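What follows is a short report on a single structure.
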Amino acid sequence: MRGEVVGRPRVMPVVIGTGFGAGFWPWGPGTAGALLATLIWIALSYVFTPLYLLILTFILVIVFTALGVWADNRLEPYWGEDPSRVVVDEMVGVWIALLVAMPFVWWHAWAAFLLFRFFDIVKPLGIRRMESIPGGWGVMMDDVLAGVYSAVVLFAIECLT
């Protein structure tokens, strides 16, 4: 790829960008990152009350969005634009969808995961346009919007059931 830097990137951007290594999964790294985020949320639901889980999930979204932009901006010179092994954006997107999920109602968690992957893969309703934003913000924002759409659909489903 044009403009790549020779050598290896620093460790911290790799750890954060690849979602603690989930992005190195060879078959669907984005799905691996989203699945890891879902499993982290499920594990946290056993430790925190629903209110604290909601607050913590919101904090994860904010912190990992900022870290994801930072990490991707440092990895693009080595790995090219929007590299598939950068999956922190998928983690943030699924956490956004999980903001409306009820803890211990497991179909909510898995519906959030599936809805997010659907919107992330199909990229309807302006999601694809977000990818044209340069650098780390473009990498993150399409998944943020996919997470928002997933949260809206999940919330509507929850209201109807």
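The values are calculated or read from the model by the stated rules, or taken from the named source; none is laboratory data. Keep in mind the model is a prediction, meaning the values are calculated, not measured. No Cβ is skipped: glycine too gets one built from the backbone with ideal geometry, and neighbour counts run over all protein chains shown. Note: areas computed on protein heavy atoms with side chains; ligands, DNA, RNA excluded. Shrake-Rupley method; radii C 1.70, N 1.55, O 1.52, S 1.80 Å.
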If every alpha-carbon in the stretch 117-161 counts as one equal scatterer, what log10 I(q)/I(0) does Debye give at q = 0.17, 0.28, 0.29 1/Å?
-0.47, -0.92, -0.96
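Expressed in nm to one decimal, what extension gain is obtained for the pair Val122 and Met102 from 0.36 nm per residue of sequence separation less their Cα-Cα distance?
Computed gain between Val122 and Met102 is 4.6 nm.
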Can you figure out the FRET efficiency of Glu158 with Ala66, using R₀ = 25 Å and their beta-carbon distance, to the nearest 0.05?
0.30
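Counting other Cβ atoms within 10 Å, which chymotrypsin sites (Phe, Trp or Tyr not before Pro) in the stretch 84-128 have at most 11 and lie in a DSSP loop?
For chymotrypsin sites (Phe, Trp or Tyr not before Pro) across the stretch 84-128 that sit outside H, G, I, E and B with at most 11 neighbouring Cβ atoms in 10 Å, the list reads Phe104.
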Using the heavy atoms of the protein chains alone and a 1.4 angstrom probe, what is the accessible area of the chain per residue in square angstrom?
53 Å²
Could you give each residue of the stretch 64-69 its phi-based ³J(HN,Hα) in whole Hz, using Karplus coefficients 6.51, -1.76, 1.60 with θ = phi - 60°, and x for Gly or Pro?
6, 5, 5, 5, x, 4
Residue by residue, what Karplus-based ³J(HN,Hα) values in Hz, rounded to whole numbers, does the stretch 74-80 have, using 6.51, -1.76 and 1.60 with θ = phi - 60° and x for Gly and Pro?
8, 8, 4, x, 8, 10, x
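Mean 1/r over all different Cα pairs, inverted: what Kirkwood radius does the stretch 1-154 give, in Å?
In the stretch 1-154 this quantity evaluates to 15.3 Å.
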Roughly what percent of Cα-Cα pairs across the stretch 28-80 reach past 13 Å?
68 percent
Roll a 1.4 angstrom probe over the protein heavy atoms and tell me the percent of accessible area of the stretch 85-161 that is carbon or sulfur.
75 percent
Once you list every other residue whose beta carbon is under 14 Å from the beta carbon of Val122, what net charge do they have if Lys and Arg are +1 and Asp and Glu are -1?
0
Applying the Karplus parametrisation 6.51 cos²θ - 1.76 cosθ + 1.60 with θ = phi - 60° to the phi angles of the stretch 142-155, what ³J(HN,Hα) value in whole Hz is obtained for each residue in order, glycine and proline being reported as x?
5, 6, 4, 5, 4, x, 5, 4, 5, 5, 5, 5, 4, 4
Packing rank of 73-81, 6-14, where each peptide gets the mean count of other beta carbons within 10 Å, highest leading:
73-81, 6-14
Please compute the modelled spin-label separation between Glu131 and Asn73, points set 7 Å along Cα→Cβ, answer in nm with one decimal.
2.3 nm
Charge tally in the Cβ shell below 10 Å around Val88, where Lys, Arg are +1 and Asp, Glu are -1, Val88 excluded:
-4
